[in-house]
Amino acid sequence: MQRAFVLHRWPWQEHGLLLDLLTEHDGRIRVVSKYARSRKSTLRSTLQPFNLIMLELSGRGEVKNLRKAELECSFPLQGERVYSGLYMNELLQRLVREQLEVQGLFDAYQQALTLLHQDVDEALLLRRYEWQLLNALDLLDSFSHEARAGEPIQAQAVYTYVAGTGFLETAELMADRLCMYGEDILAMAQFDIDTPQRYRLFRQVMRAALAPHLGDKPLQSRALRAAAQEAKFGKPIV
């Protein structure tokens, strides 16, 4: 048996569920539970997103069968944090290939979900999660060296960020590009983003870094959050 989190679930045939799971040892996998939606099943409440479960699988194909599942603990999210949890799950589904074991990814997700369930800064938590996910997948550009010459980032120099390339030194700050001083990059490398300006820069860098790997399809979790905010306040919040 191994631990796993439910990332998403779909109806399967008459009484079953198709599950997208993040497992402790096998990475992200697809699993079928044949009778999870039947009236007599005890798995309805167990196989929910944000639940940590112990499971036993069978089968040799890409989609395995769920033989047994037990609830270890639950992380019920409230309000806006539900959409943050869905965002975390969607990033995993979009960025992590199936059956790819990624060192440290399960622990990073569990830690982020635990903190999201607690009273911590939601925005900072999501930025750290994005950082950890890109780093675990070896998709994070260097925050210590200039991308073209390979020289260490200099605090007083000016750099522009190009996703998939890294930080390139430039002569001056340009309004039409994502530019910043080296001291900001070095601070972000230590996750020192406590000032509004530095947080804004880091958020822009993370969005730019994620964009090539997410493709053109919009994130459903962002659309759901925007729709909920529009229904509550009369207009989407930017």
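The values are calculated or read from the model by the stated rules, or taken from the named source; none is laboratory data. Because the structure is a prediction, the values reported are computed rather than measured. For neighbour counting, all protein chains shown are included, and Cβ atoms are generated from backbone atoms with ideal geometry for every residue, glycine included.
Of the listed requirements (1) within 18 Å of W131 (Cβ to Cβ); (2) in contact (Cβ under 8 Å) with a residue 24 or more places away in the chain, D194 misses just one: (2).
Name the pairs: first residue in the stretch 66-94 and part of a loop (DSSP other than H, G, I, E, B), second residue surrounded by fewer than 18 Cβ atoms within 10 Å (Cβ to Cβ), Cβ to Cβ under 6 Å, at least 6 apart or on different chains? Here the result reads F75/H117, each pair linking the stretch 66-94 to a residue that is surrounded by fewer than 18 Cβ atoms within 10 Å (Cβ to Cβ).
Return yes when Q2 is at positive phi, modelled with pLDDT under 95 and surrounded by fewer than 17 Cβ atoms within 10 Å (Cβ to Cβ) and no when it is not. No. Tell me, yes or no, whether the stretch 112-122 has at least one residue that is under 30 Å from Q154 (Cα atoms), more than 10 Å from the chain's Cα centre (by Cα) and of a type in the set (A, V, I, L, M, F, W, C). So far as the stretch 112-122 goes, no, none of its residues is under 30 Å from Q154 (Cα atoms), more than 10 Å from the chain's Cα centre (by Cα) and of a type in the set (A, V, I, L, M, F, W, C).
Residues that are crowded, with 18+ Cβ neighbours inside 10 Å, over 25 Å from E101 (Cα atoms) and not basic (K, R) within the stretch 20-53 comprise A36, L43, listed in sequence order.
Among residues of the stretch 161-175 that are among the β-branched types (V, I, T), those with a Cβ under 6 angstrom from a residue that is assigned to a loop (DSSP other than H, G, I, E, B), sequence gap 6+ or separate chain, pair up as T165/A147.
Of the residues making up the stretch 44-68, those that are at pLDDT 90 or above and under 26 Å from Y83 (Cβ atoms) number 8. For the stretch 74-96, indicate whether the set of residues that are over 15 Å from the mean Cα position of the chain (by Cα), loosely packed, with under 13 Cβ neighbours inside 10 Å and under 12 Å from P49 (Cα atoms) is non-empty. Yes, the stretch 74-96 contains a residue that is over 15 Å from the mean Cα position of the chain (by Cα), loosely packed, with under 13 Cβ neighbours inside 10 Å and under 12 Å from P49 (Cα atoms).
Summed over the stretch 151-182, residues that are of a type outside the set (G, A, S) and within 27 Å of the chain's Cα centre (by Cα) total 11. Of the residues making up the stretch 207-219, those that are assigned to a helix (DSSP H, G or I) and surrounded by 12 or more Cβ atoms within 10 Å (Cβ to Cβ) are R207, A208, A209, L210, A211, H213, L214.
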